[in-house]
Amino acid sequence: MGMLRPHLFILAEECRAKYPIKGDVLVLGQQAVYSTLDEISRLFIKKGLKIRSLPENFDTSNKIPNWKNSWHSIYTNCQTVFRLLGADNVYVADISSHEGADILMDLNIPCDKKYYNRFDTIFDVGTLEHVFNLPQALDNIHKCCKPGGQIILINPTTNAINHGFYQISPTLYYDFFGANGYADFSCYLTQVSPFNYEHKSKIYKFKEDKISDVIMLTSKSVEEIAFFCHKKRDYKDAETKIPIQRAYQNIFSGKIALEKRNKLQSFVDYLFFLTRRWRPEIIDRFRLWLFFKKRLIYIGKY
């Protein structure tokens, strides 16, 4: 998919808060960027970021072969985005050299140990859902990230049937990285048009204490997650931990008590049970919306 405008907005938001870009950045796949250099610079400045000057003769042209000599050729590349934000070097890893990758890497298999603890930031927007061996891919990302480094992952979570092998829920990233020494989590949800990537997208931020709750949305958009985390400790051989989903682990361990229902809540539940076969769907949509509001914070459209 590539870096859409809402992705750039979220990236700027987190760079200003607690995820500044520096040092060596590893990008998974040669990412398309759906914005011009001028548009990106204006956005970053508007968000209060001090953008870095690019080196003389730095190549800001897009690097997607299918975009050459097309209308999309006005757009820039992911290397430019991260250099503006403060990266010293930007490396692209891919399974083939077709789009000019700097590092040939198949995330389905263990990566070369020379990349362990190597990168200050590892970034993906739309690659991991296409990797069949997802646990191995996450293990590679974990091992390649420096202690004190950061990981930024943006992937579809719903309404992207047949786009990739997987649609990824936030709980996967929270639980995997939480089990392996990461912290300072930050997570967003975007609603992107599947027909026109140039359209504005709704952006929500997850409430940290609600991440284990099930969130069901009914929309015509592709929902994506944008996940940020910091690595707090070094990688050691055979240290990667396989998580158990936190929501169910808490239930089985008794950490989540049964919810106490007052008389009004019990009565409403009883009405919903009685009318379950024939009530209009609009009622269920409204009830779901009330539940949904408690889990996400609406940021706006971008």
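Couplings 3J(HN,Hα) of region 56-65, computed from phi: 4, 6, 5, 7, 9, 6, 5, 10, 8, x Hz, in residue order, whole Hz [Karplus 6.51 cos²θ - 1.76 cosθ + 1.60, θ = phi - 60°; x for Gly and Pro].
Sequence-ordered 3J(HN,Hα) estimates for region 175-186 from the Karplus curve with 6.51, -1.76 and 1.60 and θ = phi - 60° stand at 6, 5, 6, x, 6, 10, x, 9, 8, 6, 5, 9 Hz, glycine and proline given as x. Provide the FRET efficiency to the nearest 0.05 for the L274-K220 pair, computing r from the beta carbons and using R0 = 35 Å. E(calc), rounded to 0.05, equals 0.65. Put a plus charge on the Cβ of each Lys and Arg, a minus charge on the Cβ of each Asp and Glu, and nothing anywhere else: the dipole of the chain about its Cα centre is then about 1480 debye. By the rule of a C-alpha distance below 13 Å, with chain neighbours fewer than 8 residues away ignored, the aspartates and glutamates paired with K293 are D213. DSSP assigns beta bridges within the chain; of those with both partners inside it, close to 60 percent run antiparallel. When the chain is treated as a GNM with alpha-carbon contacts under 10 Å, the residue of I122, I161, I152 showing the greatest mean-square fluctuation is I161. Largest GNM mean-square fluctuation among L54, L28, L134, using the chain with Cα springs under 10 Å: L54. Comparing N196, I141, G86 along the charge dipole axis of the chain, the residue lying farthest to the positive side is N196, per the Cβ-charge model.
Rounded to whole numbers, the Karplus 3J(HN,Hα) couplings from phi for region 83-96 are 5, 4, 7, x, 5, 7, 9, 10, 10, 10, 10, 8, 6, 9 Hz, using 6.51 cos²θ - 1.76 cosθ + 1.60 with θ = phi - 60°, and x at Gly and Pro. Maximal additional length on extending the N69-N196 stretch stands at 43.7 nm, based on 0.36 nm per residue less the C-alpha distance. Hey, if you put +1 on the Cβ of every Lys and Arg and -1 on every Asp and Glu Cβ in region 107-203, which of T127, Y115, I152 ends up farthest toward the positive end of that dipole? Selected residue: Y115.
Among beta bridges from DSSP that stay inside region 64-206, the antiparallel ones total about 35%. Straight-distance candidates among the lysines for linking to K46, with alpha-carbon spacing under 17 Å and chain neighbours fewer than 8 residues away dropped: K301.
For the pairs K114/K232; K22/K146; K202/K241; K22/K50, flag any whose C-alpha to C-alpha distance is greater than 24 Å. Exceeds cut-off: K202/K241. Computing log10 I(q)/I(0) by the Debye sum over Cα atoms at q = 0.08, 0.12, 0.16 Å⁻¹ for the structure here picks out one of (1) -0.52, -0.86, -1.22; (2) -0.39, -0.84, -1.41; (3) -0.46, -0.84, -1.21, namely (2). Counted residue by residue at 0.36 nm each, then reduced by the alpha carbon distance between them, the extension gain from A247 to R16 reaches 80.1 nm.
Label zone (N262, point 7 Å along Cα-to-C-beta; backbone nitrogen cut-off 13 Å) within region 268-302: 268. Assuming charge only on the beta carbon of Lys and Arg (+1) and of Asp and Glu (-1), the dipole of region 100-184 about its Cα centre is about 220 debye to the nearest 20. For the chain, the 222 nm mean residue ellipticity estimated from helices alone, with every DSSP H stretch of n ≥ 4 adding -39500 (n - 2.57) and the total spread over all residues, rounds to -8500 deg cm²/dmol. Name the most mobile residue of P135, P147, P156, meaning the one with the largest mean-square fluctuation, in a Gaussian network model of the chain with Cα contacts below 10 Å. Of the options given, P135 has the highest mean-square fluctuation. Using the Cβ-Cβ distance between R287 and H163 with R0 set to 45 Å, the FRET efficiency from 1/(1 + (r/R0)^6) comes to roughly 0.95. In summary, region 43-177 shows an alpha-carbon radius of gyration equal to 1.14 times the 2.2 N^0.38 Å reference for compact globular proteins.
Could you tally the net charge around E39, taking each other residue with its Cβ under 14 Å from the Cβ of E39, Lys/Arg +1 and Asp/Glu -1? Every neighbour counted, the sum reads +3. Averaging the Cα positions of each part gives two centres, and for region 16-89 and region 130-184 these lie 23 Å apart.
Read-outs throughout are calculated quantities, based only on the coordinates presented, and are distinct from any laboratory measurement. Being a predicted model, the structure only gives us computed values, none of them experimental. All Cβ positions, even for glycine, are placed from backbone atoms using ideal geometry, and neighbour counts span all protein chains on display.
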